[in-house]
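To start, the structure itself, in structure tokens.
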Amino acid sequence: MTPIDLRSDTVTRPDAAMRRAMAEAEVGDDVFGDDPTVIRLQERAAELVGKPAALFVPSGCMANLIGVMAQAPAGSEILVGARSHINSAESAAYARLAQVNKCALPEDDRGRLDPAQVRASIHLGAEISGGNSHHATTTLLALENTHNYCGGTALSVADLRAPIAAARERAPWIKVHLDGARIFNAAAVLNVPAREIAALADSVSFCLSKSLGAPAGSLICGSHDLVARGVGLRKMLGGGMRQAGILAAAGLEALKTPNLERLADDHANARRLAEGLAELPGIVADPAGVQTNILFIEYRGRKGDTAWLGRALTERGVWCLALGERLRMVTHRDVTRAQIDAALKLAAGILKD
Ligand SMILES: Cc1ncc(COP(=O)(O)O)c(C=O)c1O
């Protein structure tokens, strides 16, 4: 059987139209700022998230790092969700490169931060009137939507607005960075344009290579000033690419409206998968909580533990990812409804008494 790869939505292969666009892309040298396809991609990205400017960078990690470094001075503190990608899966970049202190706050199971806790966690350093020399000043709040490790949950505009308002009550200067790696998944399920979600943040990053099918690349979007700083930071971090138009051409295909609209199919497939798995003996899953294309399950049956189930599924061709005590499954455009049904059948076979 051809493997059904549910490890991540990053595993998609560029389709024929994307490969053609890449082969035919008009290119320049993006470090000199004259690659026309990169320029078109940046314009399209900025328009989609309603920001004045956007910068094409190699990865989501770099987009987040640039968003933070461009706005949070070294020696200051940033507030992050404990289970956010920035806090838990971007190596030690914020300590080593951004030189900021991270203050991690627990999210609820839908990825939301508690506004009261955000307000109470703001620190004012000695340089702020009324501040305290024991503290690094809080300069940035980072949010994530959809929230990957909380199960691909989509935070509503109100969910995002509440912690931002709480932070700014005590620290009006606070910048907001939104890790919108999957912002179009959030927009699709919330039924609002991505720009409405992004409007709450000073900077927003998103990925072309998650769900949207491009082989690589992310955008960091914000003001012209932020992007100008971002150009310098990208070069310093080793992310300046030359004939990057070849990748940007794939990105432009990825951002075509029908490709954004089809994300709803991935969400329906994830819900179907969760519903089917929840019926199997020993599986702990929460189908009602599956809003987008990511689901987490555990196994608490007689046959083994969660890691055992992950190995059993993977050996038989349903690839999933063990993350801590849980298994993650992610639907994407290279997985069909028929493959979801095949995966369920296979799981049922493994778990039958
Ligand atoms: C929410 C979130 N942010 C950022 C990233 C980083 O993206 P990349 O792998 O392109 O660096 C990921 C990757 O999975 C992610 O899920």
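The values are calculated or read from the model by the stated rules, or taken from the named source; none is laboratory data. Everything numeric in this text was worked out from a predicted model, so none of it was measured. Because the Cβ atoms are built from the backbone with ideal geometry, glycine has one as well, and the counts that use them run over all protein chains shown. We work out accessible area using only protein heavy atoms, side chains counted, and drop any ligands, DNA or RNA first. Shrake-Rupley method; radii C 1.70, N 1.55, O 1.52, S 1.80 Å.
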>> With the structure loaded, tell me whether A98 is surrounded by fewer than 17 Cβ atoms within 10 Å (Cβ to Cβ) and at negative phi or whether it fails that test.
In response: no
>> Quick test of your reading of the structure: L200 fulfils all but one of (1) in contact with a Leu (Cβ under 8 Å, 6 or more places away or on another chain); (2) closer than 11 Å to N145 by Cβ; (3) within 15 Å of the ligand (Cβ to nearest atom). Name the failing condition by number.
In response: (3)
>> For a quick check of your reading: which strands (runs of 3 or more DSSP E) sit entirely within segment 101-194 and have at least 2 residues that are more than 16 Å from the ligand (Cβ to nearest atom) and touching a strand residue (DSSP E or B) at 6+ places or on another chain (Cβ under 8 Å)?
In response: 101-105, 138-144
>> Against the conditions (1) within 16 Å of the ligand (Cβ to nearest atom); (2) surrounded by fewer than 22 Cβ atoms within 10 Å (Cβ to Cβ); (3) over 27 Å from L255 (Cβ atoms); (4) under 19 Å from the mean Cα position of the chain (by Cα), where does E90 fall short? Just the number, please.
In response: (3)
> Within segment 31-45, can you find the residues that are farther than 15 Å from L208 by Cβ and either buried (at least 17 other Cβ atoms within 10 Å of the Cβ) or assigned by TED's automatic domain parsing to the domain that holds A312 (or both)?
Replying inline: D35
> What number goes with the only condition from (1) open to solvent by 10 Å² or more (accessible area, probe 1.4 Å); (2) outside any loop (DSSP other than H, G, I, E, B) that G301 does not pass?
Replying inline: (2)
> Looking at (1) away from the ligand (no atom under 16 Å from the Cβ); (2) among the acidic types (D, E); (3) over 30 Å from M22 (Cβ atoms), which is the one condition that is false for E43?
Replying inline: (3)
> Can you name every residue in segment 204-250 that is buried (at least 17 other Cβ atoms within 10 Å of the Cβ), among the hydroxyl-bearing types (S, T, Y) and away from the ligand (no atom under 14 Å from the Cβ)?
Replying inline: none
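Each row is one residue, and each column tells you yes or no for (1) open to solvent by less than 30 Å² (accessible area, probe 1.4 Å); (2) without any contact (Cβ under 8 Å) to a residue 40 or more places away in the chain; (3) in contact with a Gly (Cβ under 7 Å, 6 or more places away or on another chain).
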{"site": "L124", "(1), (2), (3)": "no, no, yes"}
{"site": "H134", "(1), (2), (3)": "no, yes, no"}
{"site": "L140", "(1), (2), (3)": "yes, no, no"}
{"site": "H147", "(1), (2), (3)": "yes, no, yes"}
{"site": "T153", "(1), (2), (3)": "yes, no, yes"}
{"site": "A158", "(1), (2), (3)": "no, yes, no"}
{"site": "R161", "(1), (2), (3)": "no, yes, no"}
{"site": "I164", "(1), (2), (3)": "yes, yes, no"}
